[in-house]
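See structure below.
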Amino acid sequence: MSTMETSKDDALYEYPFELTDVPRLSFDDPQANRLIANQKPVVLTGTNLVNSALHWDLNYLKDNIGNSLFTVYQSKNRYFRYYEPRKIPQHKDFKPPTLQAEMNFSEFVDKLKECQKTGIHKLYLQQLLFQNIGERIIKDFISFNWDWINQQKNLNRWGPLSSNLLLIAMAGNITSVHYDEQQNFLAQVRGRKRCLLFSPEQFECLYPYPIHHPHDRQSQVNLENLNLKKFPKSADLEGMQAILEPGDVLYIPVYWWHQIESLPQNGVTISINFWYKVRNFLEESITYPLTTSQKIAIMRNIEKMITDALGNVDEVGPFMQSMVLGRYT
Ligand code: OGA
Ligand code: FE
């Protein structure tokens, strides 16, 4: 981490693995639709998805977002690795890597200014957008290009929109590499973000935490400091990269790994994501061979079933080992 000081000329950290560019295409390019249909990442330009929010900045939000509470994570370093509070009781030794606080928006802005001055902490606001926001923000929200995004949802037979997350990050913040169980359009509103993506096929190179762990869906690998002794297959990592600018929309397919860095600059980055549920593939007509994503869904179900049946998270590893060792290995 200490080797990752970012210089003034915006030099990006050079990863020791291959990174190819995520295709950057106009929303009306047929190839863009093909990529989405095939669950491959793409940066879309010209969608106008969040044009009605491109004027958002901290002052406008402070004046118009209302007095509801926002979830703000605080980190002593630049990493924000998500954790599920409900999985902490089974892991007595678990220390949350970030603090979570609820505050109204103007408290957030005050705290942000303080942190920018002292540089001791990093803050990351991550709040699901609900109804209890001010009128003008609701108006901007209603004016998103819902026509385009609904059309995508229908074309690709996704389930319903589950939520929109508002993300406001300080320069240098990194959302650690993880995957989500939903389809995602990540729309950039302000500032730039560097996104690294890895296909679901890289599962073994990224060593996700066990499903019962608070860091479920997160990789144990630190991409900026690979530990090849502990995680030898991380040497085989091959990723994709996209730099998001305001107005860009990144399609992050379900089960695709992603790490997202707010690029050093003045001020903050603002993004809004659109998470769509996926249909349970068992309810669709199944064709073989199964896709990697389908296999990951199966693995998650089986891992969960074993964990629940044993009733003790410490027994899961030995149990699975005796099931396969010398029999399937
Ligand atoms: C996401 C996500 C993190 C970020 O939208 O799924 O992980 O920092 N975003 O933008
Ligand atoms: Fe994510």
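Values in this text are rule-based calculations from the coordinates and carry no lab data. Because the structure is predicted, anything quoted here is derived from the model rather than measured. With ideal geometry, Cβ positions are generated from the backbone for all residues, glycine too; neighbour counts draw on all protein chains shown.
Here are a few things to note about the model shown:
- Cα shape, region 54-134, gyration tensor, a/c 1.5 rule: oblate
- Treating each Cα of region 265-329 as an identical point scatterer and summing with the Debye formula, the log10 of I(q)/I(0) at q = 0.17, 0.21, 0.22, 0.28 Å⁻¹ comes to -0.83, -0.99, -1.02, -1.18.
- Spacing of the two label points (7 Å from each Cα toward its C-beta) at N222 and E114, in nm: 2.8 nm
- Among the listed pairs K40/K295; K92/K295; K76/K117; K76/K111, a Cα-Cα separation exceeding 19 Å is found for K92/K295.
- Toward the positive end of the charge dipole of region 206-329, with +1 on the Cβ of Lys and Arg and -1 on the Cβ of Asp and Glu, the farthest Cα among Q218, F231, Q241 is that of F231.
- Coupling constants for region 233-239 follow from the phi torsions by the Karplus curve (6.51 cos²θ - 1.76 cosθ + 1.60, θ = phi - 60°), and in residue order they are 6, 5, 5, 8, 4, 9, x Hz; glycine and proline get x.
- For region 13-61, size of Cβ-based charge dipole, Lys and Arg +1, Asp and Glu -1, in debye: 200 debye
- Taking a ≥ b ≥ c as the square roots of the eigenvalues of the alpha-carbon gyration tensor, region 146-270 is classed oblate because a/c is 1.5 or more while a/b is no larger than b/c.
- Here's the picture: charge each Lys and Arg Cβ at +1 and each Asp and Glu Cβ at -1 in the chain, and of Y60, Y13, H91 the one pushed furthest to the positive end of that dipole is H91.
- For region 203-329, the alpha-carbon radius of gyration amounts to 1.31 times the rule-of-thumb value 2.2 N^0.38 Å expected for a compact globular protein.
- ³J(HN,Hα) computed for each position of region 216-229 - Karplus, 6.51 cos²θ - 1.76 cosθ + 1.60, integer Hz, glycine/proline x: 2, 6, 9, 7, 7, 7, 9, 5, 8, 7, 4, 10, 6, 5
- Extension gain for A11-E303 works out to 101.0 nm (0.36 nm per residue, less the C-alpha to C-alpha distance).
- Extension gain for the segment Q90 to Y207, taken as residue separation times 0.36 nm less the Cα-Cα distance, is 40.1 nm to one decimal.
- Across the chain, the relative contact order, built from alpha-carbon pairs under 8 Å that are at least six residues apart, equals 24 percent.
- Contour minus Cα-Cα distance for K233 and D63 (0.36 nm per residue): 56.3 nm
- Take the Cα of N104, step 7 Å toward its Cβ, do the same at S285, and the gap between the two points is 5.6 nm.
- Region 172-329: relative contact order in percent, alpha carbon pairs under 8 Å with at least 6 residues between: 37 percent
- Taking a quarter of the surface of the Cα convex hull of region 214-253 gives a mean projected area of 4.5 nm².
- Residues within the reach of a label modelled at K40 (point 7 angstrom out along Cα to beta-carbon, backbone nitrogen below 13 Å), restricted to region 172-213, are 199.
- Each peptide in 260-269, 296-305 was scored by the mean count of other Cβ atoms within 10 Å over its residues; highest first, the order is 260-269, 296-305.
- Dividing the summed helix terms, -39500 (n - 2.57) for each DSSP H run of n ≥ 4, by the number of residues in the chain produces a 222 nm estimate of -7000 deg cm²/dmol to the nearest 500.
- Within the chain: Cβ-based charge dipole about Cα centre, in debye rounded to nearest 20 (Lys, Arg +1; Asp, Glu -1): 420 debye
- Couplings 3J(HN,Hα) of region 294-308, computed from phi: 5, 5, 5, 4, 5, 4, 4, 5, 5, 4, 5, 4, 4, 4, 5 Hz, in residue order, whole Hz [Karplus 6.51 cos²θ - 1.76 cosθ + 1.60, θ = phi - 60°; x for Gly and Pro].
- The chain: C-alpha pair distances exceeding 25 Å, %: 55 percent
- Alpha-carbon centroid distance for the pair region 110-184 / region 22-54, whole angstrom: 18 Å
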